[in-house]
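A short write-up of the structure that comes next.
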Amino acid sequence: MKRILAVFLAIVMMFSLVACGGGGEDEAKAEKYCWNCGEGITKNATFCEHCGTEINATSEENHSDTPSSNNTSSPASKPAENTPTASSKPATNTPATSGKPATNTPTVTSKPSTHTHSYSKKVTAATCTAQGYTTYTCSCGDTYKDNYTKSSHSYTQYKCTKCGAVDKSHAYEYLIEWVKTNGTYKNGQYEYIFQGRNNAADRYGLTYTLDNEYLSVWKFDATSGYSSYTAIYLDIYYYGFSFADDTIYGYIKAGSYNPNASLTYKSSDCSVLSPEQLLPTAKSAIDLTLTLFKNFLTNNKLGITLADLGFEAF
């Protein structure tokens, strides 16, 4: 029985191939297509003459009458696989226009300037204590200083004509010129009296003698019944003190001399008192003379002090 059915199926398939004509013009006019391979088949065929697929009503209902091409679904029914839509795919490595600008990307303002400096200059003259210079300024704001000049005083008779400062390294010479300018000349010397007047009982002042070129500060006192005379030579710090008929002479160590310092003498000419008795009186007279002189320099604004003359601790 099985052999009879096999022979029957073979005969049917042979007739089907003949009827299809190998896919000629009749295939182009086919009214029915195989749901599996898409080839045209006989309208009432039970099996596909091309792929042998069974053709029946049940199978046709489960497949579209529109033949498929190479088993590829139409664009309308089959969505693109693994293809992200335009809205779902992020822009890769593309910075947003509002984001951080690319590093090391020069902007328009970083273009090298073609400005050429044109400087105006202003000269600041040196003063007695500050150096001078020239300031160069461009319209763009760039500025610099150059052409520095040294500060300096302009001294005449050891006093600056610009600021009035005294050249303290020559305080002694300055004081000589001051006495010669402001004092009175008589008998080969210039004398300036700070207090009192000539032949007064008490007076003190400065004297510059031309023969030995010494400047001394002195004090004369005749109120005690005995006259006393104290003179201090400011260049060599030599002193002489006379009281009544007695006189002593010595040297002052100006750098360390002060009212508490002791006084020594080098020689004496005493007939009434001994040098040791005369020395305390001489010390008091020297201290008073230096104190009066110190006050005079300060009150009259001569521009120097006793320290400038060597009496650093007085």
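The values are calculated or read from the model by the stated rules, or taken from the named source; none is laboratory data. For clarity, every value in this text was computed on a predicted model and none was experimentally measured. Cβ: placed from backbone, ideal geometry, glycine included. Neighbour counts: every protein chain shown. These accessible areas exclude ligands, DNA and RNA; they are computed on the full protein's heavy atoms, side chains included. Shrake-Rupley method; radii C 1.70, N 1.55, O 1.52, S 1.80 Å.
Would you please classify the overall shape of the range 202-314 from the alpha carbon gyration tensor, given that a ≥ b ≥ c denote the square roots of the eigenvalues, rounded means a/c under 1.5, and beyond that prolate means a/b larger than b/c while oblate covers the rest? Can you show the working numbers first?
Details: a/c = 1.66, a/b = 1.48, b/c = 1.12.
Here the range 202-314 falls in the prolate category.
Residues with beta-carbon under 13 Å from that of Glu191, excluding Glu191: net charge, scoring Lys, Arg +1 and Asp, Glu -1?
Values: positive: Lys180, Lys186, Arg197, Arg203; negative: none.
Here the count lands on +4.
What nm distance separates the two modelled labels at Ser152 and Tyr119, each placed 7 Å from Cα along Cα→Cβ?
About 2.4 nm separates the two model spin labels.
Which far-off residues, 5 or more places away or on another chain, put their amide H under 5 Å from the one on Lys32, with H placed in the peptide plane?
Correct list: Ile41.
Can you give me the distance in nm between label points at Ala200 and Asn258, each placed 7 Å from the Cα along the Cα-to-Cβ direction?
3.2 nm
Using θ = phi - 60° and the Karplus form 6.51 cos²θ - 1.76 cosθ + 1.60, what ³J(HN,Hα) does each residue of the range 236-250 get, whole Hz, x for Gly and Pro?
10, 6, 9, 10, x, 9, 10, 9, 6, 9, 10, 9, 10, 9, x
With a 1.4 Å probe and all protein chains in place, put Asp211, Asp221, Asp246, Asp235 in order of accessible area, largest first.
The ranking, largest first, comes out as Asp211, Asp235, Asp221, Asp246.
First check a/c for the range 221-272, with a ≥ b ≥ c the square roots of the eigenvalues of its C-alpha gyration tensor; if it is under 1.5, answer rounded, and if not, answer prolate when a/b is larger than b/c or oblate otherwise. Kindly include the intermediate steps, with their values, before the conclusion.
On the way: a/c = 2.07, a/b = 1.70, b/c = 1.22.
Taking the square roots of the gyration eigenvalues as a ≥ b ≥ c, the range 221-272 is prolate.
Using only the alpha-carbon atoms of the range 178-264, report the extent along each of the three principal axes, biggest first, to the nearest angstrom.
Principal extents (Cα only, largest first): 35, 33, 21 Å.
Applying the Karplus parametrisation 6.51 cos²θ - 1.76 cosθ + 1.60 with θ = phi - 60° to the phi angles of the range 267-283, what ³J(HN,Hα) value in whole Hz is obtained for each residue in order, glycine and proline being reported as x?
Going residue by residue, I get 8, 8, 9, 10, 10, 9, 10, 7, x, 5, 6, 7, 4, x, 5, 5, 4 Hz, with x marking Gly and Pro.
From the phi of every residue in the range 165-181, what ³J(HN,Hα) in whole Hz does the Karplus formula 6.51 cos²θ - 1.76 cosθ + 1.60 yield, where θ is phi - 60° and glycine or proline is x?
6, 8, 6, 5, 6, 10, 4, 5, 5, 4, 5, 4, 5, 5, 5, 5, 7
Can you bin the range 128-176 into rounded, prolate or oblate? Criterion: square roots of the alpha carbon gyration tensor eigenvalues sorted a ≥ b ≥ c, rounded for a/c under 1.5, prolate for a/b above b/c, oblate for the rest. Kindly include the intermediate steps, with their values, before the conclusion.
Values: a/c = 5.91, a/b = 4.63, b/c = 1.28.
Here the range 128-176 falls in the prolate category.
Heavy atoms only, probe 1.4 angstrom, no DNA, RNA or ligands counted: give me Ser256, Ser151, Ser139 ranked by accessible area, highest first. Can you show the working numbers first?
Values: Ser256 70, Ser151 50, Ser139 110 Å².
Most to least solvent-accessible, the answer reads Ser139, Ser256, Ser151.
Cβ under 13 Å from Thr156's Cβ, Thr156 left aside: what net charge do those residues give with Lys, Arg +1 and Asp, Glu -1? Before the final figure, lay out each step's value.
Working: positive: Lys159, Lys162; negative: Asp167, Glu173, Glu177.
Spelling it out: positives minus negatives among the neighbours equals -1.
Could you put Ser120, Ser154, Ser271 in order of accessible surface area, largest first, with the 1.4 Å probe and the full protein assembly present?
On the way: Ser120 70, Ser154 50, Ser271 90 Å².
Ranked from most to least accessible, the order is Ser271, Ser120, Ser154.
Around Leu273, with a cut-off of 15 angstrom between Cβ atoms, what is the net charge of the other residues, counting Lys and Arg +1 and Asp and Glu -1?
Details: positive: Lys283; negative: Asp245, Asp246, Asp269, Glu276.
Computed value for this residue: -3.
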